[in-house]
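Below: one structure, written as structure tokens.
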Amino acid sequence: MAEADRTFGPRTGSIGPVDGCTHCFDAEYLRIIGGPVDDIPDWLFSRALSKWGTTMDADVRLWRRLTSRILREMTAGTLPIDEALMARKFNEAAWRDWPPRETAALEDICHAWWQAALDRRQRLPQLPGP
């Protein structure tokens, strides 16, 4: 998990406002989502993940920025979104076409997470916060 965090994060800079439905997200929320990843409130983070590719533009650049936090929360069991939905969204983001270091990190953490899920006696350590 440490390698995944080094590979994908921290994404402290800003990519600016993201595109999305202004009925679902006001301009301030879109600005926050485009800012430092760990500054996105939990409720807005999970909403952005669930709406990415639907009422929020399927911006792969944004999804890659969110990946470290997605993985941290998913493996810790604190992401309030179904993992199958996250898997579909990673496929929609064409994760296999990302740079080799990123695809390897994603494969490694997902493999370790799956192994830990099969062996309930083992828990994956949480990544330290920023």
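Odds and ends about this structure:
- Reducing the range 20-40 and the range 74-107 to their Cα centroids gives an inter-centroid distance of 21 Å.
- Computed magnitude of the charge dipole of the range 11-79 (debye, nearest 20; Cβ of K, R +1, Cβ of D, E -1): 260
- Estimated dipole of the chain in Debye, rounded to 20 [Cβ of Lys and Arg +1, of Asp and Glu -1, Cα centre]: 220
- Highest-fluctuation residue, A84, A112, A58 considered, GNM on the chain with Cα pairs under 10 Å: A84
- Anisotropy class of the chain from Cα gyration tensor, a/c 1.5 cut: prolate
- Selection among G13, A76, T55 by position relative to the dipole of the range 2-118 gives G13 as farthest towards the positive end (Cβ unit charges, Cα centre).
- Those Cys residues of the chain for which no other cysteine Cβ falls under 4.7 Å: C110
- Of all segments of the chain bounded by trypsin sites (Lys or Arg not before Pro) found in a DSSP loop with no more than 13 other C-beta atoms within 10 Å, the longest spans 1-119.
- Helical runs (DSSP H, four residues minimum) scored at -39500 (n - 2.57) apiece and divided by the length of the chain put the mean residue ellipticity at 222 nm at -16500 deg cm²/dmol.
- Ordering W43, H111, H23 by the projection of their Cα atoms onto the charge dipole of the range 2-118, which places +1 on the Cβ of Lys and Arg and -1 on the Cβ of Asp and Glu, puts H111 at the extreme positive end.
- Distance (nanometres) between label positions extended 7 Å along Cα→Cβ at C24 and A58: 1.3
Read the figures in this text as sums done on the coordinates, not as results from a lab. Every value quoted in this text rests on a predicted model; they were computed, and no experiment measured them. In this analysis, Cβ positions are derived from the backbone assuming ideal geometry, glycine residues included, and neighbour counts consider all displayed protein chains.
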